[in-house]
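FYI, it's all coordinate maths here, none of it is from the lab. These figures come from a predicted structure and were not determined experimentally. Neighbour counts run over all protein chains shown; Cβ positions are idealised from the backbone, glycine included.
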């Protein structure tokens, strides 16, 4: 069953239950109070009986009552001029007069039916305890006030003043069918308006969601479907549903894009691995074949061939080690063990290993106070080694002096490690791709530049695992600065360090 039909059936059921409940409550109330369930006519009589008399009714009744008190014989036929004039005055007020003697009606106003009066006229009651009531005359309801009395001959008599009431039964008899039809038409119109409103605010937005879902299933362009989400003038629940669907699709699209990027990277990785493995292997095979064919016919040549084979094997081994390490990082298979270390002392010890490089002018600038960070010393040492080796690798040998400067800057929440060299530098495009895996800046990927292209990518991963950030700025042909930012450990007391920079 569709939502639209459910709403229609719900409205019809709600209206039917409301009406039935109303009549049930009214019936139970009357049954408890009266011991029976009255019909519409009885209810109408009960309501109108308790109605207060109008001024015209009171004055007309008092006029006739005074005549009865003076001399009831004045009400015998023929009526004298005084009574006739009074009755005419009463009837001009849209009231009716009935004069009764025993079971005969000596006078009744035009519009009243004598046979109906004989059937429905109130009983005699000389005490006049219930002088007010309602009677039916030829299907028309009248509100009356009466006074019963005795004529001089001892026979019962009555004066009755009647006022025409709105007859509910008559009204329904005449207009009931049309009224029911109008109510049904109004109900249908109202239900149509409500359904149209619900269709616009609930049903159509849900249908649009369904269309967007099919678009996802059929791999069509879903963007055209979800651009309109959330739609205007819809209920909050459906709006939230559309927003959730849009967010879900956005996340799916991003996941699909990321998956495609991973697939492209995988293909690129396989191609790069194949290239970088094939190059040294081809070189090694060439030198081995040369030795086997007797090309290296002197001891000097043989030694040179063997040294070349050894270097190529070393490069191949380094590449395989970096690939193995990279694959472990990529699968999050490396567990980091963090300790709080004094970064000042750690960097001082680290740079001592490079001070033997006499061809490079080293500059180390460290603070005199201890600076604490959380670090896995093994992986952090590898990251520092990668960026230092990268700087050494790309020094400009044509320059008279090669300089590398390492500095540690302490800030409120973090620390900065800057490694600045005056090497060959790099273009902005190269700097933007410096941390891509297998990126070495040369499109041909020739072996002139030693390295796998994974070092900086691995370094970035290690720094990120330490909660830090790695960036590079450079000016081509002039300098390159690698900046490593790490969060500082708070709560440690700084103290004087024994380091001399």
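Per-structure values
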read-out	value
Gain upon complete extension [residue 24, residue 271; 0.36 nm per residue less C-alpha separation]	80.5 nm
Where labels lie 7 Å past Cα in the beta-carbon direction, separation of residue 66 and residue 278 in nm	13.3
Peptides ranked, highest mean first, by Cβ atoms within 10 Å: ranges 341-347, 159-165	159-165, 341-347
Peptide ranges 123-129, 134-140, 455-461 listed from the most packed, as the mean C-beta count within 10 angstrom indicates	455-461, 134-140, 123-129
Orientation-averaged projected area, Cα convex hull of the range 44-166 (nm²)	7.1
Gain on full stretching of the segment that runs from residue 291 to residue 317 - 0.36 nm per residue minus C-alpha separation	7.1 nm
Full-extension gain in nm, residue 186 to residue 150, via 0.36 nm per residue minus C-alpha separation	7.2 nm
For the range 339-487, average projected area of the Cα convex hull in nm²	8.9
Sorted peptide list for 329-339, 384-394, criterion being average Cβ within 10 angstrom, highest first	384-394, 329-339
